[in-house]
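For reference, the structure is listed below as structure tokens.
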Amino acid sequence: PMIRILAVLISILTMAQSNQCVCEQNWDCVPQIKLVECTSPTQVLLHSLSLMVRNAYGYPIKPDLLIENWEKNVDMMRVPPDNEPGIGAYVWVDTKWNKKLVIAVRGTTTVYDECADLYLWPGFSNDEEFIKFCSNFTDDQLDYSQQLLALYLEVKTYFHDFDVLITGHSLGSGLAQFISVTQSKGEEVVPSVVFSGPGLQEILENTYPSMLPLDETLEKNMVNFVDPYDPIYVNSKEYQVGVICVWNTQEPKSCSQYYSDPSNSELYHECFLESHYFTHLLELISNKQPFDCDIQIKQWFYSLPDKRKIAKWM
């Protein structure tokens, strides 16, 4: 362990003396996150996680995209039942590094998922007909947080000595962060790197108020990548937890018009498609779009791996 720590410190000193891309393409290297022209481990990680989430969205209509150095565990897939609520999630096990595992959770896809949104975020809709429709389902069907928790506990039973990271988009982001909060114990942190998360503060206030405020170590291991014009993010800023990394994007015309007229549902939908929809985020990641995070990058990423578990993944 001491040799490894010294190697990390030497790499940090090397980066301080040079503006070159010196990161290796593996999870254990300390990334130069600001050098977006460098294929840093951060960009490699985001690319892999985004494909994992994309595959969770695509099943069973779209074939899985292959992800280098990762293999899907088909026995632990969570496929939503037909015409009923249920999470969609994949479990990915690394084939190159040592004992790393990712649980990837899709976001809202069906009307049944929208009922789960309403269950977890009661202000999701005021439509009486929709609320009546959702009342046809049980708490067990709609509480996706408990469904994901059951999957996480199953994963930890069979892969008990693996480092687990949770990822997801939109609804899946909130669920992933829920696992980070409820299953992290002291320095044994379950990290989450998510996309377009809707904010977890409200859920915690309603269900786990004793966990607030969150531990600083935990918050620094919960990372949410967002488009600054995404209405889901904009309307939930006060409920966000963890580290927020904001992509540097141009405001879509539809979003500018929507924020000038927030009661216009058509403009909201157009803005949503251009800033929140997962294909938009895939494009940002593919293009290595620059982003800024709301804490000091040096403080976060340059921490030693045994103190910041997320560092092992970057």
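A short reminder: the numbers here are calculations on the coordinates, not readings from a lab. Given the structure is predicted, the values throughout are model-derived calculations rather than measurements. Neighbour counts are summed over all protein chains in view; Cβ atoms, including those assigned to glycine, are modelled from backbone coordinates with ideal geometry.
Counting other Cβ atoms within 10 Å, keep those with at most 14, restrict to DSSP loop, and tell me which trypsin sites (Lys or Arg not before Pro) in region 82-150 are left. Walk me through the intermediate numbers first.
Working: sites: LYS96, LYS99, LYS100, ARG106, LYS132; in loops: LYS96, LYS99, ARG106.
In loop regions of region 82-150 (DSSP not H, G, I, E or B), the sparsely surrounded trypsin sites (Lys or Arg not before Pro) are LYS96, LYS99.
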Please state, to two decimals, what the Cα-based radius of gyration of region 131-254 comes to when divided by 2.2 N^0.38 Å (N = residues).
1.12
Per-selection Kirkwood Rh - region 205-301 (Cα, Å, 1 d.p.)
14.9
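Quickly rank 150-158, 217-225 as a protection proxy: mean count of other C-beta atoms within 10 Å, highest first.
Values: 150-158: 15.1, 217-225: 23.1.
Sorting 150-158, 217-225 by mean packing, highest first, produces 217-225, 150-158.
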Among LYS72/LYS288; LYS132/LYS156; LYS237/LYS288; LYS99/LYS237, the pairs whose Cα-Cα distance exceeds 30 Å are LYS132/LYS156; LYS99/LYS237
For region 135-185, what is the Kirkwood estimate of the hydrodynamic radius, computed as the reciprocal of the mean inverse distance between distinct Cα atoms, to one decimal in Å?
11.9
The correct pair for region 213-254, radius of gyration to one decimal and Dmax as a whole number, both in Å and from Cα atoms, is 12.0, 39
